[in-house]
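Peer 1: The following block contains the structure, expressed as structure tokens.
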């Protein structure tokens, strides 16, 4: 029997319950994740295998599936997964650190050019980390984005099953 990290009492195993993966800062729901809860202290845990690969899948999803301009939480997620401080991302994109800060706190919307550049940088990084191309047709992807995008409401939830990041061959977007 497994024990609670907080109180040392026995914990209950939960399977087949969607797990809200809030730790990444964006709206992601994972399916097929083993979760644990302590009936004594109400502490809960989740077992998430291969977290770096999961982050690549989430970042790739953001870059390839989101048609609107990047949202503040998406910009922050991409920056953190790139292992960059705001100042480093600013230097990379040719803007000031305060501009990146305003994008991430929602006080300023990212522009078309910087949105495309950040997506491109992330996709190249993700491809490098995976040691193979995970996004074929990157030029087609950017051609499909309208030249002038309006701020639109679109679903922010990303729903994933472990097979989507544990599979050796990543799904090509």
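The values are calculated or read from the model by the stated rules, or taken from the named source; none is laboratory data. Being a predicted model, the structure only gives us computed values, none of them experimental. Cβ placement follows ideal geometry from the backbone for every residue including glycine, while neighbour counts extend to all protein chains displayed.
Peer 1: Can you say whether residue 126 is at pLDDT below 90, part of a helix (DSSP H, G or I) and touching a helix residue (DSSP H, G or I) at 6+ places or on another chain (Cβ under 7 Å), as far as the supplied structure shows?
Peer 2: Considered against the rule, which asks whether it is at pLDDT below 90, part of a helix (DSSP H, G or I) and touching a helix residue (DSSP H, G or I) at 6+ places or on another chain (Cβ under 7 Å), residue 126 comes out as yes.
Peer 1: Residues to consider are 91, 70; find the one that is touching a helix residue (DSSP H, G or I) at 6+ places or on another chain (Cβ under 7 Å) and either exposed (fewer than 14 other Cβ atoms within 10 Å of the Cβ) or in the same structural domain as residue 160 (by TED's automatic domain parsing) (or both).
Peer 2: Result: 70 is the single residue among 91, 70 that is touching a helix residue (DSSP H, G or I) at 6+ places or on another chain (Cβ under 7 Å) and either exposed (fewer than 14 other Cβ atoms within 10 Å of the Cβ) or in the same structural domain as residue 160 (by TED's automatic domain parsing) (or both).
Peer 1: May I pose another question? Which is modelled with pLDDT of 95 or more and not in a helix (DSSP H, G or I), of 104, 109, 168?
Peer 2: Every option except 109 fails the conditions.
Peer 1: Could you list, in sequence order, the residues of the range 36-54 that are over 19 Å from residue 9 (Cβ atoms) and exposed (fewer than 14 other Cβ atoms within 10 Å of the Cβ)?
Peer 2: Within the range 36-54, 49, 50, 51, 52 qualify.
Peer 1: Taking strands (runs of 3 or more DSSP E) that fall entirely within the range 1-67, which contain at least 1 residues that are under 20 Å from residue 156 (Cα atoms) and not assigned by TED's automatic domain parsing to the domain that holds residue 82?
Peer 2: Counting at least 1 such residues, we get 28-30.
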